[in-house]
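The values are calculated or read from the model by the stated rules, or taken from the named source; none is laboratory data. Because the structure is a prediction, the values reported are computed rather than measured. Here the Cβ positions follow ideal geometry from the backbone for every residue, glycine too, while neighbour counts run over all protein chains shown. Ligands, DNA and RNA are stripped out before the accessible areas are found, and what is left, the full protein with its side chains, is counted by its heavy atoms. Shrake-Rupley method; radii C 1.70, N 1.55, O 1.52, S 1.80 Å.
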Amino acid sequence: MNSNDQQNNKKPIGAVAVVGAGIGGIQASLDLANSGFKVYLVEEEPTIGGRMAQLDKTFPTNDCSMCIISPKLVECGGHPNIENITCSDLIDLKGKPGHFTVSIKRRARSVDESLCTGCGECTNQCLVRNRAYLDVQMIEPTLGEDEKMAVDEILERHKENRSPLIPVLQDINGRFNYLPPPILSYVSFKLNISLAHILRVATFYAFFSLEPRGKHMVSVCMGTACHVRGGERLLEKLEDELGIKSGQTTEDKKYSLEMVRCIGCCALSPVIRVDERVYSRVRYNTVMDTLMKY
Ligand code: FES
């Protein structure tokens with residue numbers, strides 16, 4: 001049994017209210033709870049985690065935000081000394097240091113928390129939130145003949161799949177080099193999945209793009225190993241030579257340039273990836289030769 005477990009098993013030595021369950025509130029709650037205080041963590045949103053849980057990377061190390069916050073969310077959610085009071089607002093605070101009385105108003109959640117598995121299905125089925133999309137879906141979106149044929153063929157290919165969305169989006173992305181918005185509306189209509197959900201998936205994975213991309217995707221690794229071995233200079237060189245910035249596409253639609261964080265070849269850094277192929281130990285002077293092969 002470690003010292004934290006020993007502290008948790010003791011009777012709390014006092015009670016503290018922490019308002020706001022972002023990363024700061026969560027860390028404060030954990031520190032206080034591990035010191036033996038009973039903590040009431042008050043959060044206005046339905047879940048704890050705040051903005052950090054919505055971010056991709058953190059400054060300055062570019063570490064994955066969820067990798068940092070997830071263990072704290074789990075610890076906070078199951079800590080015997082922490083009571084999470086979500087969907088709630090602090091409405092009054094009375095008393096003096098050492099003896100405060102806090103009034104909290106808890107809003108209706110419309111979901112039985114004890115049964116919730118976090119599947120998110122209630123969001124997809126919410127008639128209020130999806131009203132705009134439901135109305136739009138009454139009419140089949142119109143596509144050009146070729147586009148329609150291509151998308152129908154993709155949908156047909158995955159019709160037996162119980163979760164067809166991601167494979168369908170992958171095939172559309174492969175066929176059109178990006179996910180054209182009218183096609184997403186058509187997929188939404190055909191699969192009877194809300195456009196809100198499709199956009200959530202499409203914008204979560206870096207593999208998908210809602211903007212037209214070049215024929216070849218050039219990815220420059222900016223993970224720590226590649227960064228210290230010259231990844232930044234490679235990126236600058238490519239930006240200069242192609243006349244575009246990271247995230248942009250050349251006018252002739254031949255190349256798109258992007259930065260990525262670690263593609264798992266750190267020992268071979270610095271690396272770039274062109275489409276599916278990874279080039280290791282790339283040199284500043286020869287990086288354009290590599291690209292010109294395409
Ligand atoms: S940091 Fe570039 S491959 Fe890992």
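The accessible-area ordering, largest first, of the residues T203, T117 stands as T117, T203, per a 1.4 angstrom probe. Could you compute the longest span of the chain free of trypsin sites (Lys or Arg not before Pro) located in DSSP loops and having at most 15 other Cβ atoms within 10 Å, not counting the site residues? With trypsin sites (Lys or Arg not before Pro) excluded where exposed in loops, the chain gives 11-106 as its longest stretch. On a per residue basis, the convex hull of the C-alpha atoms belonging to the chain measures out at 207 Å³. Got a sec? Charge dipole of segment 137-204, +1 on Cβ for Lys and Arg, -1 for Asp and Glu; which of Y186, P164, V201 is way out at the positive end? So the residue we want is V201. Loop-resident GluC sites (Glu not before Pro) (DSSP state other than H, G, I, E or B) in segment 150-218 with no more than 14 further Cβ atoms inside 10 Å of their Cβ: E160.
Could you tell me which GluC sites (Glu not before Pro) in segment 202-294 are loop residues by DSSP with no more than 10 other beta carbons within 10 angstrom of their beta carbon? Walk me through the numbers before you get to the answer.
Numbers: sites: E232, E236, E239, E241, E251, E258, E276; in loops: E251, E276.
Counting only loop positions with at most 10 other Cβ atoms within 10 Å, the GluC sites (Glu not before Pro) in segment 202-294 are E251, E276.
No disulfide-compatible partner, judged by a Cβ distance under 4.7 Å, exists for the following cysteines of the chain: C76, C87, C116, C119, C122, C126, C262, C265, C266. On the protein heavy atoms, probe 1.4 angstrom, tell me the percent of accessible surface of the chain carried by carbon and sulfur. Here it works out to 53 percent. Relative to the longest principal axis of the Cα atoms of the chain, the long axis of helix 145-157 makes an angle of roughly 60 degrees. Rolling a 1.4 Å probe over the protein heavy atoms gives the chain an accessible area of 62 Å² per residue.
Could you work out the Kirkwood radius for segment 3-106, taking every pair of different alpha carbons, averaging 1/r and inverting it, reported in Å? Can you show the working numbers first?
Values: mean 1/r = 0.0693 Å⁻¹.
By the Kirkwood definition, the hydrodynamic radius is 14.4 Å.
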